[in-house]
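**Q** After the structure tokens below, expect a handful of questions from me.
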Amino acid sequence: MTLHRAAPPAVALLTPTHVLRSEWHKLWTVRSTWITLLSASLLTLGIGITMGATYESGGGDGDVDTVVLSLIGLQFAHVALGVLGILVIAGEYSTGMIRATMTAVPRRLPVLWTKAAVYAAVTLAVTTATAFVTFAAAQVFFDGTDQEAAFGDPGVLRALVGSSAGVTLLGIVALGLGALLRSVPGAIGAFVGGVMVLPEVIGMLPYDIVHDALEYFPDSAATVLLSATPVPGAPSPSAALLALVLWAAAALGAAALRLRRSDV
């Protein structure tokens, strides 16, 4: 009598596509994602329309860049989007779900890279669409004023896309802090304090080199990308973008180092 061995159970291969699909699914099945993205978009659009509807030529805002004035709400929305970046990974640490995630992906680092990629893709797409819609809506009210502009005017398209890139990179910095600190409150405090408060404190120092360095800090660099016209004394848009990329890379690099060297 011939004995037949049972076939081993099929084992699903872990591929980058599987990890990407998993992180994409997790992002969209969390209620905070929808709430944060919708709130950030509505806040930006609402403030942009309000600025347009209440604007009068010859007022105190006549010298403000038209894209900055239209998208001023994006400077508030980036805090909400930064919190979303923190929740993407620090939220799993707070619930303990990170253990299951790292068990499924033992190499760990692909989880961090994939979370950052999914977050960046979603945030960039949403903020770009919001920026274009808000600018167009504000221009309905700016028509005939000294803030009237068009998509084809010099620097406008670059500023609209640049504003979205800046907010996205700020969110990546926040995500890196979330992965590094592994605490939602701690990462939010570090993000708000480090990105928004600390530069103001350092700026009180009476040294030119300090003020020059502050121009390359995340929040200042993002402001440069938001403006369609050159900002006096500020770095060029390409230099500001490079600075933000380096800040985001540093945050993710520090998070990756801790992820490799410490337990989950």
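**Q** Residue by residue, what Karplus-based ³J(HN,Hα) values in Hz, rounded to whole numbers, does region 38-53 have, using 6.51, -1.76 and 1.60 with θ = phi - 60° and x for Gly and Pro?
**A** Here the 3J(HN,Hα) series is 5, 5, 5, 5, 5, 5, 4, 5, x, 5, x, 5, 4, 4, x, 5 Hz.
**Q** Moving to a separate point now. What percent does the relative contact order of the chain come to when contacts are Cα pairs within less than 8 Å and at least six residues apart? Before the final figure, lay out each step's value.
**A** Working: 337 pairs, mean separation 63.4, N = 264.
Across the chain, relative contact order equals 24 percent.
**Q** Compute the FRET efficiency between Ser32 and Val201 as 1/(1 + (r/R0)^6), taking r as their Cβ-Cβ distance and R0 = 30 Å, and round to the nearest 0.05.
**A** Result of the calculation: an efficiency of 0.50.
**Q** Compute the long axis of helix 109-142 from its Cα atoms, compare it with the longest principal axis of the Cα atoms of the chain, and write down the angle in degrees, 0 to 90, nearest 10.
**A** That works out to roughly 30 degrees.
**Q** Same structure, new question: In terms of the ratio Rg/(2.2 N^0.38 Å) built on C-alpha atoms, what value belongs to region 173-252? Mind showing how you got there, number by number?
**A** Working: Rg = 13.4 Å, N = 80, 2.2 N^0.38 = 11.6 Å.
So the Cα radius of gyration is 1.15 times the expected 2.2 N^0.38 Å.
**Q** Which shape class, rounded, prolate or oblate, goes with region 126-240 when its Cα gyration tensor gives a ≥ b ≥ c as root eigenvalues, a/c under 1.5 marks rounded, and past that a/b bigger than b/c marks prolate?
**A** Values: a/c = 2.53, a/b = 1.48, b/c = 1.71.
Oblate is the answer for region 126-240, as a/c is 1.5 or above yet b/c matches or exceeds a/b.
**Q** How big is the Rg/Rh ratio for the chain, C-alpha atoms only, Rh by Kirkwood, two decimals? Can you show the working numbers first?
**A** Numbers: Rg = 21.8 Å, Rh = 20.0 Å.
Answer for the chain: 1.09.
**Q** Express the carbon and sulfur contribution to the solvent-accessible surface of region 155-231 as a percent, rounded to the nearest whole number, probe 1.4 angstrom. Intermediate results must be reported in sequence, preceding the final value.
**A** Values: 2390 of 3270 Å².
Answer for region 155-231: carbon and sulfur cover 73 percent of the accessible area.
**Q** Could you compute the FRET efficiency for Asp143 and Leu42, with r as their C-beta to C-beta distance and R0 at 25 Å, rounded to 0.05? If you can, show how the numbers build up before the last one.
**A** Numbers: r = 23 Å, r/R0 = 0.92.
Approximately 0.60, to the nearest 0.05.
**Q** Give the accessible area for Arg258 in Å² (nearest 10); use a 1.4 Å probe, count only protein heavy atoms, and leave out ligands, DNA and RNA.
**A** 90
**Q** Still on this structure, please answer the following. Apply the a/c threshold of 1.5 to the C-alpha gyration tensor of region 63-196 and tell me whether it is rounded, prolate or oblate. Provide the component values of the computation, followed by the final result.
**A** Values: a/c = 3.55, a/b = 2.45, b/c = 1.45.
Prolate.
**Q** Hey, what's the chain come to in accessible area per residue, 1.4 Å probe, Å²?
**A** Details: 13770 Å² over 264 residues.
The answer is 52 Å² per residue.
**Q** Let me ask another. If you fit an axis through the alpha-carbon atoms of helix 74-95 and take the longest principal axis of the Cα set of the chain, what angle between them do you get, 0 to 90°, nearest 10?
**A** 20
**Q** Which value at 222 nm does the chain reach when only helices count, each DSSP H run of 4 or more adding -39,500 (n - 2.57), with the total divided by all residues and rounded to the nearest 500 deg cm²/dmol?
**A** Details: 12 runs with 185 residues, N = 264.
My calculation for the chain gives -23000 deg cm²/dmol from helical runs alone.
**Q** Additional query: If packing is taken as the mean number of other Cβ atoms within 10 Å per residue, what is the order of 45-51, 229-235, highest first?
**A** Working: 45-51: 18.9, 229-235: 13.0.
Going by the mean number of other Cβ atoms within 10 Å, highest first, we get 45-51, 229-235.
**Q** Taking every alpha carbon pair in region 130-189, what does the distance histogram look like in 5 angstrom bins from 0, in percent?
**A** Calculated P(r), rounded to whole percents: 4, 16, 17, 16, 11, 10, 10, 9, 6, 1, 0.
**Q** Residues with amide H under 5 Å of Ala234's amide H, sequence separation 5 or more or different chain, H placed in the peptide plane at 1.01 Å from N; which?
**A** The list, which skips near neighbours in sequence, is empty: none.
**Q** Right, something else. Per 0.36 nm of contour for each residue apart, how much would the distance between His211 and Ala53 grow if the chain were fully extended, relative to their Cα-Cα spacing?
**A** This chain segment gains 53.3 nm when fully extended.
**Q** For region 89-139, which trypsin sites (Lys or Arg not before Pro) are in a loop by DSSP, counting at most 11 other Cβ atoms within 10 Å?
**A** On the way: sites: Arg99, Arg107, Arg108, Lys115; in loops: Arg107, Arg108.
Of the trypsin sites (Lys or Arg not before Pro), the ones in loops of region 89-139 whose Cβ has at most 11 other Cβ atoms within 10 Å are Arg107.
**Q** From largest accessible area down, sort Met102, Met196; use a 1.4 Å probe on the protein chains.
**A** Working: Met102 15, Met196 70 Å².
The ordering from most to least exposed comes out as Met196, Met102.
The values are calculated or read from the model by the stated rules, or taken from the named source; none is laboratory data. These numbers come from a predicted model, not from an experiment. Using ideal geometry, Cβ is built from the backbone for each residue, glycine included, and neighbour counts are taken over all protein chains shown. We work out accessible area using only protein heavy atoms, side chains counted, and drop any ligands, DNA or RNA first. Shrake-Rupley method; radii C 1.70, N 1.55, O 1.52, S 1.80 Å.
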